[in-house]
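Beneath this line is the structure, given in structure tokens, with notes to follow.
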Amino acid sequence: MPDRFGTSGHVLSDIPEEPSMLSPRAFVRVWLPIAAFTALHYGTGMEHDWAHDVLRRMYYLPIVLAAFDHGLRGGLLAAAVSSLVYLPHAFSLSPGHHHDPGGGVDKALEVLLYNLVGATAGLLADRERSRRRELQRALADQQRLTRELVRAGRLSALGEVVAGLAHEIKNPLHALAGTAEVVGPLIPPDAEERHMWDIHVAELGRLSRLAERYLSFARPSPSELVALDLRRVAEQVAELCVAEARGKRVEVELDLPEAPVDIRGDRDQLASLGLHVAVNALRAIASTGRPGRLRIAARIEGDHALLVLDNDGPPLTESERKQLFTPFYSGDAQGTGLGLAIAARVADQHGGSIDADNAGLGVRFSLRLPRITA
């Protein structure tokens, strides 16, 4: 879908490539043995019928190995090649040319079995590979859920501490603010102490805002979940950050599907979450001193909807990735380290999760939410 902010990006699936039948491994395990057995077949005299019986059955070894390594495609290909190179020797009618002295029916059945074994072993290998992928996905989901539960437990405990601390700070702040309102008019505008008093009042305001931010982390406002299209959230995030991106020489791209990505969520909270991630990405790109790209995408993945933000800023270290959503952890010396922790709380309130990894353009943040299905 074309976008208003740059060339539309393309999200590539992380699908592993199938192993090639022309790889060095396939050459050693499949093609070289087939060639060797064929050469021995053609070079062994007809009087050695026992040797031909053995060599005829040796073809099963590379066929099975091809099936294990490459599935049905590999098993059938190895069986077909074995059959083609064996048939001229098995049923040669050339005068004076020796051939496999075995019975015709036995040899025909052997060729048939090559292909049956290749197909059966290939099907079993494909089924096993599919089950392994399912187990790996299930294990990855279990590990992700475990991390989310641990993170949720830490956030809940920390939230209680922060809420109590922020509440205790706000009480004296209210008293100090009230005193400031009374004392302020008593200091003449041209008095030497006036500048110090203005600093005092400004710092009281900053402390009050900081306490409010801690409270917003500890006790986030309830989400008003309504049916909405996640594509509209992605567009809103792009609109909100495009001006800052232009100032930092960052191209913002939208990658949206034609079909709606329906979820239940609080549009304002999700847009705020996406904007915070986008602003962090813009700062990371700006730190490199070069132009960059930020790609915002919405897509469907099974029973989930994804809001994905890719950027080509500096990659995350393993330590940064693990601590990224931890409260009070910040890569910016001026930051409080609460923005991404609040984002994780918002994702949790929506029954979803947010993760970051080195993928896509460079660094990828993925918000995963339950999808509304018909």
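Measure off 7 Å from each Cα along the Cα-to-Cβ vector at Glu203 and Val183, then give the distance between these two points in nanometres to one decimal.
Placing both labels 7 Å along Cα→Cβ, they lie 1.1 nm apart.
Below 8 Å between Cα atoms, with a sequence gap of 6+, how large is the relative contact order for segment 47-123 in percent?
Contact order relative to length: 45 percent.
Run down the aspartates and glutamates and flag those whose C-alpha is under 17 Å from the C-alpha of Lys322, throwing out any fewer than 8 positions away in its chain.
List returned: Asp141, Glu148, Asp332, Asp355, Asp357.
Quick check for me: using +1 on Lys/Arg Cβ and -1 on Asp/Glu Cβ, what's the dipole size of segment 38-127 about its Cα centre, in debye to the nearest 20?
260
Between Ala359 and His174, what is 0.36 nm times their sequence separation minus the Cα-Cα distance? Round to one decimal in nm.
My answer for the length gained is 61.9 nm.
Would you calculate the separation in nanometres between label points at Arg131 and Ala227, each defined as 7 Å from the Cα along the Cα-to-beta-carbon direction?
4.1
What distance in nm lies between label points placed 7 Å from Cα along the C-beta direction at Leu124 and Ser20?
Those two pseudo-labels are separated by 3.0 nm.
Could you report segment 180-319's accessible area per residue, 1.4 Å probe, as an integer in Å²?
That works out to 53 Å² for each residue.
Using the Karplus curve 6.51 cos²θ - 1.76 cosθ + 1.60 with θ = phi - 60°, what ³J(HN,Hα) values do you get for each residue of segment 48-64, in whole Hz, with x for Gly and Pro?
Once rounded to whole Hz, the list reads 9, 4, 5, 5, 5, 4, 5, 5, 4, 8, 5, 4, 4, 4, x, 5, 5.
How many percent of all Cα-Cα pairs in segment 41-125 sit more than 17 Å apart?
46
For Val28 and Asp268 in the same chain, what is the full-extension length gain: residue separation times 0.36 nm, less their Cα-Cα distance, in nm?
Using 0.36 nm per residue and subtracting the Cα-Cα distance, I get 80.5 nm.
Treating the beta-carbon of each Lys and Arg as +1 and of each Asp and Glu as -1, no other charges, what is the dipole magnitude of segment 233-374 about its Cα centre, to the nearest 20 debye?
With only Lys, Arg, Asp and Glu charged at Cβ, the dipole is about 300 debye.
Aspartates and glutamates near Lys170 by alpha-carbon distance under 13 Å, same-chain residues fewer than 8 away left out - which ones?
Counting by Cα, and skipping residues close in sequence, Lys170 has these aspartates and glutamates nearby: Glu212.
In segment 230-321, carbon and sulfur make up what percent of the accessible area (probe 1.4 Å)?
Here it works out to 49 percent.
State the extension gain, in nm to one decimal, for the chain segment bounded by Ala80 and Arg249, taking 0.36 nm per residue of separation less the distance between their alpha-carbons.
Result: 55.1 nm gained on full extension.
Leaving ligands, DNA and RNA out of it, report the carbon-plus-sulfur percent of the accessible area of segment 24-153 at a 1.4 Å probe.
Percent of accessible area from carbon and sulfur atoms in segment 24-153: 69.
The values are calculated or read from the model by the stated rules, or taken from the named source; none is laboratory data. Here the structure is a predicted model, which is why all the values come from computation and not from measurement. Glycine gets a Cβ as well: all are built from the backbone with ideal geometry, and neighbour counts include every protein chain shown. What goes into the accessible areas is simple: the full protein's heavy atoms, side chains included, and nothing from ligands, DNA or RNA. Shrake-Rupley method; radii C 1.70, N 1.55, O 1.52, S 1.80 Å.
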